[in-house]
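What follows is one structure encoded as structure tokens, with my remarks underneath.
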């Protein structure tokens with residue numbers, strides 16, 4: 001196990017050491033001590049290593065992650081796991097805005113709440129939030145799944161493509177072209193598997209499903225006000 005203490009080392013030192021693992025993996029388990037809310041922690045990791053961040057992290061923590069399993073024992077700032085490709089990112093606390101933005105794959109688990117624009121323009125990632133999410137979440141969501149065990153804010157799923165959304169609590173309002181859909185047995189089975197994988201003891205049958213009405217895929221003059 002390799003420990004990097006950010007009270008004496010720099011974020012650049014940390015990220016360079018992690019990137020060097022792509023040449024030759026010498027350490028499979030990493031501990032980041034005293035992060036103290038620093039930005040850009042564990043950005044661009046691209047090997048199947050474990051990274052344990054022992055405290056709060058700032059902006060863009062675990063951005064562009066590939067293969068790594070990253071755990072943050074605290075809260076994270078804007079853009080956690082932004083543009084993630086694969087691997088797992090788990091936040092033990094809450095996340096600020098744009099968690100999982102533009103991410104193509106992997107699993108992001110937020111045990112607390114997530115702020116506005118959670119999953120904006122997501123392209124294949126699975127995001128599971130133990131608490132509630134803010135407004136404009138999953139805006140232009142293209143692929144993947146967003147699961148919310150709490151409530152969702154205003155304009156959920158605005159201009160949605162094919163992302164599948166599951167919410168247990170209330171939804172303040174749905175965005176343009178987002179509608180509630182039937183929760184069939186295959187969806188319950190799919191959701192339960194994802195909840196189990198994320199480590200949440202929830203009953204998938206308690207959730208509602210939301211998705212695209214597919215009315216904005218092509219321009220229609222009758223829908224001009226919605227574009």
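The values are calculated or read from the model by the stated rules, or taken from the named source; none is laboratory data. Bear in mind that the values here come from a model prediction, so they are computed numbers and not experimental data. Glycine also receives a Cβ, built like all others from the backbone with ideal geometry; neighbour counts cover every protein chain displayed.
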> For residue 36, are the conditions met, namely being more than 18 Å from residue 90 (Cβ to Cβ) and part of a loop (DSSP other than H, G, I, E, B)?
Replying inline: yes
> Do you know which residues across segment 145-175 are under 14 Å from residue 123 (Cβ atoms), surrounded by fewer than 24 Cβ atoms within 10 Å (Cβ to Cβ) and modelled with pLDDT of 95 or more?
Replying inline: 145, 164
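Would you mind listing the strands (runs of 3 or more DSSP E) fully within segment 103-178 where at least 3 residues are in contact (Cβ under 8 Å) with a residue 40 or more places away in the chain?
Numbers: elements: 107-110, 123-129, 143-148, 164-167.
Qualifying strands (runs of 3 or more DSSP E): 123-129, 143-148, 164-167.
Take residue 217 and tell me if it is in contact with a strand residue (DSSP E or B) (Cβ under 9 Å, 6 or more places away or on another chain) and under 26 Å from residue 98 (Cβ atoms).
Numbers: in contact with a strand residue (DSSP E or B) (Cβ under 9 Å, 6 or more places away or on another chain): no; under 26 Å from residue 98 (Cβ atoms): yes.
So residue 217 does not fit the description; no.
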> Is it true that some residue in segment 77-89 is in a helix (DSSP H, G or I) and buried (at least 19 other Cβ atoms within 10 Å of the Cβ)?
Replying inline: no
> Looking only at segment 4-22, which residues are farther than 15 Å from residue 39 by Cα and in a loop (DSSP other than H, G, I, E, B)?
Replying inline: 8
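This table checks each residue for (1) touching a helix residue (DSSP H, G or I) at 6+ places or on another chain (Cβ under 7 Å); (2) surrounded by fewer than 19 Cβ atoms within 10 Å (Cβ to Cβ); (3) free of Cβ contacts under 8 Å to residues at least 40 places away in the same chain.
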| site | (1), (2), (3) |
| --- | --- |
| 17 | no, yes, yes |
| 20 | no, yes, yes |
| 24 | no, yes, yes |
| 37 | no, yes, no |
| 42 | yes, no, yes |
| 45 | yes, no, no |
| 58 | no, no, yes |
> Which members of segment 179-196 meet the condition of being touching a residue at least 12 places away in the same chain (Cβ under 8 Å) and more than 19 Å from the chain's Cα centre (by Cα)?
Replying inline: 179, 180, 181, 182, 183, 187, 188, 189
